[in-house]
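One structure is given below, encoded as structure tokens.
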Amino acid sequence: MTEAGGRIVAALRGLPRMLREDLWTSPVDPVPPMGAPGSPVWRPAFGMLLTLGATVVAVWHVPDLIPHGAAVPEYAVLLVVCQALALLTAMWQPLYAWWASLVLMVVSVRIAESAMPPGALFPWTGPEIALQSGALFLLTLRVRPRRAALALTLSLLAGLTSGLTTRAHDFSLGIGALACVTAVVTGAALRALRVARTELVEQSELTEEERARRTLLEERNRIARELHDVVAHHMSVISIQAQVAPHLVENPSDELRENLAGIRENAVEALAELRRVLGVLRSEDAMADGLRHAPQPTLDRLDELIGKVRGAGIAVAKETTGTPRPLPPGVELSAFRIVQEALSNVMRHAPGAHARVEVGYHFAAVTVRVTNTAADMAPAPAGGVGHGLLGMRERIAMLGGDLTHGRTPGGGYEVMATLPLEDPA
């Protein structure tokens, strides 16, 4: 057997297990808590609207299950109530609710087939299309696209099988398939948007954490410099003077020599202890406990960042001038963080705007320029005092670079940073 044939056989053997995991045992995405990244603010209103819609569709579906002019049987009421409850349950358990909706749809079709006139839609009536599309939509919001595609395929196969009959009907498989496919595509797009926004928020939080760690480290270094410049200098002077003092006195007494030796010994010991403290303050490893150990991002990951921003609904164009080449680690990290912070500001303060990222490689510097057009809608109210531009300015100041930012003539905004490739003198 060839290698390709072996892979096909292995895939066929694993197909039942994959179907069981994707369509039954694997969990769905948890519902984001209110206020969390990706949590829809309209969720309570959506729940009320879904309840109203399920009730209307259930009432609408009752006449399809009884012959014309006959009394409403109890089983018809029970069936439509179960279908409406299955759709409502999909807000919490979308996978099992979809299964229930699928089984109830098959039962409903077989019951209604003998009572339906030839001109009625079959096997999916209008209410059936709405119920099945709604269940697929709610499922697609909470599962990966592959699982949603499998559920869609099974729904279409169930509809096709249910439609096998010898009587003449107005078959609605085409309309039903179009509605179900539209529901799955829409749900997948909304899920991708939610995931992209969640990842971007998490990445912004990591940026804030990194900025806080950097600020703390800068403060520790400042304290270390002050201690070294002031205390260490004076302690060294005291040690030297205590060593020289006996030679400046004619016939110094043993008591004087002993006291001066004690002063020098204490000064040297204090100086050694001070140097140990300075080493701790200047060591970034002292802050490593409990922190993340991961490679710092570079400009090679710029396309990944831009892709996530595009996924969140912002159109971003990228342009690179010059010849890309490896840069010093500090420059690489600072350039990436500046672009990240600028794009985050675009999302927060200019929703619906178009952004552009330009990276220029020069002989002695690299330039980063992020611009955006005017916002298409009013931004959400700010939740606090921003520190984005301050963080950019601090990064660039450490590298001896230059930062310019401000409004553009068209109502947009521009941030441009120049990062030298040599350490500042």
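What follows draws every value from the coordinates through simple rules; no lab data is involved. What you see is a predicted model; the values in this text were computed from it and never measured. Note that we place each Cβ from the backbone using ideal geometry, even for glycine, and neighbour counts take in every protein chain shown.
Run the simple label-point estimate for GLU199 and ALA149 please: 7 Å along Cα→C-beta, distance reported in nm.
For GLU199 paired with ALA149, the spin-label model returns 1.8 nm.
May I ask you to compute the full-extension gain from ILE240 to HIS354, defined as 0.36 nm times their residue separation minus their alpha-carbon distance, rounded to one decimal in nm?
Taking ILE240 through HIS354 to full extension adds about 34.4 nm, to one decimal.
Highest mean first, what order results for 123-135, 174-186, 101-113, 247-259 on Cβ atoms within 10 Å?
Numbers: 123-135: 23.8, 174-186: 17.2, 101-113: 19.1, 247-259: 9.8.
Ranking the peptides 123-135, 174-186, 101-113, 247-259 by packing returns 123-135, 101-113, 174-186, 247-259.
Under a crude label model (7 Å from the Cα following the beta-carbon direction), how far is ASN251 from ILE263 in nanometres?
The two pseudo-label positions are separated by 2.2 nm.
Search the structure for amide H atoms under 5 Å from the amide H of PHE122, placed 1.01 Å from N in the peptide plane, and list their residues when 5 or more places away or on another chain.
HN-HN under 5 Å from PHE122: ASP170, PHE171, SER172.
Report, by chain and number, residues whose modeled amide H sits under 5 Å from the one on ALA353, excluding near sequence neighbours (fewer than 5 apart, same chain).
For ALA353, the qualifying residues are ASP376.
Around GLY412, which amide H atoms from residues at least 5 apart in sequence, or from another chain, sit under 5 Å from its own amide H, with H modelled in the peptide plane?
Under 5 Å from the amide H of GLY412: ALA374.
For a Förster distance of 25 Å, can you work out the FRET efficiency between the beta-carbons of ALA189 and ILE8, rounded to the nearest 0.05?
0.20
Roughly how many nanometres apart are two label points built 7 Å out from the Cα toward the Cβ at ALA212 and LYS318?
Roughly 2.9 nm, to one decimal.
Suppose R0 equals 22 Å. What FRET efficiency, 1/(1 + (r/R0)^6) with r the Cβ-Cβ distance, do LEU160 and ARG17 give to the nearest 0.05?
On the way: r = 25 Å, r/R0 = 1.15.
Rounded to the nearest 0.05, the efficiency is 0.30.
Quick one: what are the phi-derived ³J(HN,Hα) couplings along segment 124-135, Karplus 6.51/-1.76/1.60 with θ = phi - 60°, whole Hz, x for glycine and proline?
With the stated coefficients, segment 124-135 comes to 9, 6, x, x, 4, 4, 5, 5, 5, 5, x, 5 Hz.
Set the Förster radius R0 to 35 Å, insert the Cβ-Cβ distance between ASP376 and ASP303 as r into 1/(1 + (r/R0)^6), and round the FRET efficiency to 0.05. Write down the numbers at each step before the final one.
On the way: r = 25 Å, r/R0 = 0.71.
Plugging the Cβ-Cβ distance into 1/(1 + (r/R0)^6) gives 0.90.
Looking at the calculated P(r) for segment 321-373, what percent of the C-alpha pair distances fall above 17 Å?
Counting pairs separated by more than 17 Å, the tail of P(r) holds 39 percent.
Step through the residues of segment 158-164 one at a time and calculate ³J(HN,Hα) from phi using the Karplus curve (6.51 cos²θ - 1.76 cosθ + 1.60, θ = phi - 60°), rounding each to whole Hz and writing x for Gly and Pro.
With coefficients 6.51, -1.76 and 1.60, one gets 5, x, 5, 5, 5, x, 6 Hz.
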